[in-house]
Every structure is written in structure tokens, then in C-alpha cells.
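Asks: One structure is given below, represented as C-alpha cells, and several questions about it will come after.
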Amino acid sequence: MPLTDFPKVTEIKDPLHGYVALSEIEKAITDLRLTQRLRTIRSPAGVYMVFSGADTSLMGKILGFMHTTHIFMDYLGGDKEEIQRARLAAMFLTLSTGPWENVINEYLAVRGINRKQLAELIIKKSPAGDKLDDLGYSRDEMLGTIERGVPIKGVRFDLETAPINPELIDRLERDSYFSGVEYAQLEFRRLFSSTRIAKNKVAVERGALFTFESYLSAGANMFDAVYYHKSVRAAELMLLRILDEAGAELAPSPRDDINAFLNLDDISFMDQLLNPPDDASEGMQSASNLFTDFSSRYLIKMASERAISDVAFLGRITTPDGLYKVEKEIAEDAGIDPSNVFVDYPDRRSVSFYPGKFDMEDLVFFERGSKGYEFWHVEDVSLLARSFERKIKLIRVYTTRGYRSKVKKSADAFLESIDAPGSLD
């Protein structure tokens with residue numbers, strides 16, 4: 001459905017997309033406190049510590065995600081109901097976060113609460129779900145859309161995992177614009193117009209290979225320049241450690257009280273951490289001290305980094321226990337407390353985007369030949385897409401100030417030993 005025919009009741013000016021229209025149900029949900037709190041949730045959480053203009057909030061991203069989703073669904077041939085359902089799915093997926101957006105997403109995921117589960121809780125138990133009832137929308141249909149994807153052309157299009165991803169496109173352009181780096185100048189309308197649903201797969205015209213690879217390049221460049229920037233990640237690792245120390249005291253579990261969770265924003269966390277009670281627990285006091293350093297931009301420092309290809313080690317550090325054991329081993333060798341060591345890797349959930357995040361297996365290129373349509377797997381056509389499959393990751397070790405030389409020596413020796421045969425036996 002063309003944007004000009006969308007049944008809008010209001011418009012909001014966006015610096016990237018111009019005027020973004022809202023339907024009656026979207027405006028009703030936007031006016032709720034649980035949506036307005038997005039104005040005071042920074043996204044990504046640590047980028048503003050490096051790029052001063054990138055003090056952006058999730059409010060802009062909820063509008064941008066809805067808008068790019070609408071455009072994509074329109075190019076795919078979606079009708080009015082399908083497009084509205086897709087826009088609402090984009091809205092609920094954006095609502096399903098808490099303070100420090102990408103950071104708390106990892107904290108919750110480690111504890112078994114993912115983004116779709118949060119969105120489902122919001123639909124079932126929050127005022128946003130009540131608005132669906134009030135305006136004649138089915139909660140069950142929206143739950144199915146979140147769980148299985150948007151129904152269109154006989155397939156289910158999952159907005160969270162789709163390789164041609166409307167949310168990522170808005171995120172790349174928005175974060176590039178406000179960070180002041182020019183790495184995400186995307187011709188996304190050309191990419192969308194070249195995309196079809198064919199043989200139950202998302203298919204891109206082979207003639208749009210350059211446009212597709214520009215999209216991949218934009219993501220890779222933003223990963224290198226912004227999302228995995230060493231100081232951005234230093235800030236976000238500090239926030240992750242704060243949640244590990246005192247997350248249960250800062251925020252209720254969404255499973256226990258979704259509405260209390262949806263009342264929180266970055267300011268809520270800041271107030272609790274800068275003003276801990278006199279009888280604060282040891283964990284809360286430690287978190288408060290760390291946040292005081294964070295607020296003063298007294299960030300942890302990178303001591304060591306190394307590209308690692310050992311599959312066993314890379315799998316080991318993706319678990320909380322495995323990551324802690326590595327940090328503890330480095331700390332013990334350096335003769336310091338493990339709380340002063342932070343290990344980072346590129347494909348963890350708190351990294352806003354990394355190359356290879358979206359599975360390309362179900363994405364194909366197509367071309368009309370003399371005998372009809374021909375199809376190719378993306379990796380068979382795009383060398384850039386194939387390069388994202390490589391099993392090598394840049395592992396970093398950070399530490400608090402004062403321990404850098406000690407940790408560098410221990411971390412360098414540890415990381416250099418990883419790819420040696422039998423080093424993990």
C-alpha cells in the first residue's frame with residue numbers, strides 16, 4: 001500500500017525519513033508512557049561516549065523501523081492489513097527493551113528472556129495490548145506475527161532475523177548520520193524494489209548485486225567504526241558489569257512484573273546508581289562506584305587484542321561461565337581481582353550489529369534466463385557475503401586504570417596461546 005494511501009491520523013517529523021505517518025492504533029500506543037520512555041533510552045547505549053552527536057534515543061528508531069518496514073512490505077506486495085500488522089510488529093519489537101537498550105538485551109538474553117518473549121509479554125499484559133483490544137485488533141494474531149513473522153505472499157517474514165532487514169537499514173543510516181561518519185549511505189529503496197518472495201525465499205535480482213553488497217559493506221563499516229569501536233565497547237562493557245553486579249536490584253524481571261519493567265529508562269538507572277541507599281548491598285555499591293566512573297567518562301582501557309580462529313575457544317567464551325573463567329585466568333596470572341578484567345568478542349548480543357549477524361542461507365539471487373527464472377545462493381554470487389562466514393574474531397581484553405601493563409602482559413600471553421594445538425585440552 002503506497003505511503004500516500006496509508007490511513008494516517010498524525011505525522012511526526014523525522015530527520016532521516018521526513019514526515020512519518022501514524023495510524024490510529026499506532027498513535028494510541030505511541031501516546032502511552034511505556035512508549036514515551038523511549039525518549040530517555042539511548043541507543044546504542046555507549047556510542048554517545050565517543051561520538052558526541054550520537055546522543056540518540058529509541059523514539060527515533062521506533063518511527064524509523066516502522067517506516068522502513070512499511071516501504072519494504074509495500075515493495076513485496078503487501079496489502080493494507082499485512083502492512084499494518086508488520087508496522088505493529090516493528091513497534092512491539094522496539095518496545096521490548098529496557099534502559100541501556102543493547103546492553104540490557106544481552107543481560108536479559110543470558111537469563112533466558114529474549115526480545116520476542118518481551119514483545120509477547122507487552123502484548124499480553126501491558127496497556128499497549130489493551131489498545132489492540134480497544135481498537136479491534138486481535139492480540140492472538142499479533143502474538144503469532146511476533147512469534148512466526150509477518151504473513152506475506154505465502155511466507156512468514158521475520159522482522160528480527162530477515163537478512164534484508166528494515167530495522168538494520170534504519171539503524172545504520174540513523175547511527176551513521178548522528179555519529180557523523182559517512183559509512184551508511186544506502187540506496188535502500190533500490191534494494192527493496194529489487195527484492196521478491198520466490199520459492200518461499202527472499203530473492204534479490206542479480207542485477208542489484210552492487211546495491212546488496214553496498215548494504216553489507218555499510219554494516220561492516222559501521223561495525224568497525226562505531227559498534228565495535230574500542231571506547232564504545234569499553235563504555236558498554238562497564239554497563240554490562242553494572243548489570244551483572246546489581247541488575248536484580250535495578251530492575252524487576254519482566255516475567256515478574258512487565259509493567260514495572262516498562263516504567264524504567266536510562267534516567268531511572270542513573271538515579272539509583274548515583275544515589276544508592278545507605279544500606280546498599282555490596283553488589284549495588286560496586287555498581288554505583290563503576291557507574292560514577294562511567295558518568296565521568298573514566299572508562300576502562302583496552303590492554304590486549306588478537307584475532308582468534310580457534311572454534312572451541314570462540315564457543316567457550318559465548319557462555320557466561322566460559323567468559324568468566326577466561327577473565328579469571330587472565331586476572332590470576334596478572335595478580336589482580338577478576339572484577340578488573342573484561343573480555344569482549346564481536347558477536348555478542350550487546351554489539352548492535354556485526355557482520356554475519358543475519359543468516360544468509362535462505363536468501364537467494366534470481367535472474368530471468370531463456371528457460372525461465374534461475375536462482376543462486378547468495379554466497380555463490382557475492383564474495384562479500386561469503387567473507388562473513390569466516391571463523392576468525394577479534395578478541396579484546398580490557399582492564400580498569402592502573403592495571404593496564406599487568407593485564408597486557410598476561411592477556412597477550414593468554415591470547416597468543418589459544419591457536420596453539422591442544423591449548424584448550
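For (1) touching a Ser or Thr at 6+ places or on another chain (Cβ under 7 Å); (2) under 23 Å from residue 381 (Cα atoms), each residue gets a yes or a no:
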position	(1), (2)
201	no, yes
205	yes, yes
257	no, no
263	no, no
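Asks: Being of a type outside the set (Val, Ile, Thr), touching a helix residue (DSSP H, G or I) at 6+ places or on another chain (Cβ under 9 Å), without any contact (Cβ under 8 Å) to a residue 40 or more places away in the chain and closer than 30 Å to residue 77 by Cα: is that true of residue 208 here?
Replies: Details: of a type outside the set (Val, Ile, Thr): yes; touching a helix residue (DSSP H, G or I) at 6+ places or on another chain (Cβ under 9 Å): yes; without any contact (Cβ under 8 Å) to a residue 40 or more places away in the chain: yes; closer than 30 Å to residue 77 by Cα: yes.
For residue 208, the condition - of a type outside the set (Val, Ile, Thr), touching a helix residue (DSSP H, G or I) at 6+ places or on another chain (Cβ under 9 Å), without any contact (Cβ under 8 Å) to a residue 40 or more places away in the chain and closer than 30 Å to residue 77 by Cα - is met.
Asks: Can you list residue pairs whose Cβ atoms sit under 9 Å apart, with the first residue in the stretch 397-409 being of a type in the set (Val, Ile, Thr) and the second being part of a loop (DSSP other than H, G, I, E, B) and surrounded by fewer than 20 Cβ atoms within 10 Å (Cβ to Cβ)? Count only pairs 6 or more apart in sequence or on different chains.
Replies: 399/336; 400/336; 407/336
Asks: Taking into account only those residues within the stretch 389-403 that are touching a Phe, Trp or Tyr at 6+ places or on another chain (Cβ under 9 Å) and surrounded by 18 or more Cβ atoms within 10 Å (Cβ to Cβ), which is nearest to residue 357 (Cα to Cα)? Can you show your working first?
Replies: Applying the first criterion (touching a Phe, Trp or Tyr at 6+ places or on another chain (Cβ under 9 Å)) to the stretch 389-403 yields 393-401.
Narrowing the set further to residues that are surrounded by 18 or more Cβ atoms within 10 Å (Cβ to Cβ) leaves 393, 395-400.
On the way: 393: 13, 395: 17, 396: 19, 397: 22, 398: 24, 399: 27, 400: 30 Å.
Per the stated criteria, the residue is 393.
Asks: Could I ask something else about it? Taking residue 163, is it at pLDDT below 95 and within 18 Å of the chain's Cα centre (by Cα)? Give the derivation first.
Replies: Working: at pLDDT below 95: yes; within 18 Å of the chain's Cα centre (by Cα): yes.
For residue 163, the condition - at pLDDT below 95 and within 18 Å of the chain's Cα centre (by Cα) - is met.
Asks: Among the residues of the stretch 208-227, is there at least one that is farther than 28 Å from residue 18 by Cβ, modelled with pLDDT of 95 or more and hydroxyl-bearing (Ser, Thr, Tyr)?
Replies: No, the stretch 208-227 has no match at all.
Asks: Out of 295, 309, which single residue is under 14 Å from residue 415 (Cα atoms) and either touching a residue at least 12 places away in the same chain (Cβ under 8 Å) or of a type outside the set (Asp, Glu) (or both)?
Replies: It is 309.
Asks: Scan the stretch 18-29 residue by residue and report those that are of a type outside the set (Lys, Arg) and without any contact (Cβ under 8 Å) to a residue 60 or more places away in the chain. Spell out the reasoning first.
Replies: Residues of the stretch 18-29 that are of a type outside the set (Lys, Arg), as a first pass: 18-26, 28-29.
Across the stretch 18-29, the qualifying residues are 18, 19, 20, 21, 22.
Asks: Something else now. Name the pairs whose Cβ atoms lie under 7 Å apart, with the first residue in the stretch 134-160 and within 20 Å of residue 23 (Cβ to Cβ) and touching a residue at least 40 places away in the same chain (Cβ under 8 Å), the second aliphatic (A, V, I, L, M) and part of a strand (DSSP E or B), and 6 or more positions between them or separate chains?
Replies: That search, which allows pairs on different chains as well, returns 152/197; 157/150; 159/150.
Asks: What are the residues in the stretch 244-275 that are within 12 Å of residue 34 (Cβ to Cβ) and assigned to a helix (DSSP H, G or I), if any?
Replies: Scanning the stretch 244-275 gives 258, 259, 260, 261.
Asks: State which residue is nearest to the chain's Cα centre (by Cα) when the search covers only the stretch 183-203 and only residues that are of a type outside the set (Ser, Thr, Tyr), assigned to a loop (DSSP other than H, G, I, E, B) and modelled with pLDDT of 85 or more. Explain how you work it out, then say what you get.
Replies: Of all residues in the stretch 183-203, those of a type outside the set (Ser, Thr, Tyr) come to 184-192, 196-203.
The next check asks that each one be assigned to a loop (DSSP other than H, G, I, E, B); those that pass are 184-187, 199-200.
When the remaining residues are screened for being modelled with pLDDT of 85 or more, the result is 184, 186-187.
Numbers: 184: 16, 186: 19, 187: 22 Å.
Among those residues, the one meeting the criterion is 184.
Asks: Just one of (1) under 20 Å from the mean Cα position of the chain (by Cα); (2) at pLDDT 95 or above trips up residue 24, so point out which.
Replies: The one condition residue 24 does not meet is (1).
Asks: Please tell me if residue 167 is under 17 Å from residue 61 (Cβ atoms), touching a helix residue (DSSP H, G or I) at 6+ places or on another chain (Cβ under 8 Å) and surrounded by fewer than 19 Cβ atoms within 10 Å (Cβ to Cβ). Full working, then the answer.
Replies: Working: under 17 Å from residue 61 (Cβ atoms): yes; touching a helix residue (DSSP H, G or I) at 6+ places or on another chain (Cβ under 8 Å): yes; surrounded by fewer than 19 Cβ atoms within 10 Å (Cβ to Cβ): no.
No: the conditions fail for residue 167.
The values are calculated or read from the model by the stated rules, or taken from the named source; none is laboratory data. The model shown is predicted, which means the values in this text are computed figures rather than measured ones. Virtual Cβ from ideal backbone geometry, glycine too; neighbours counted across all protein chains shown.
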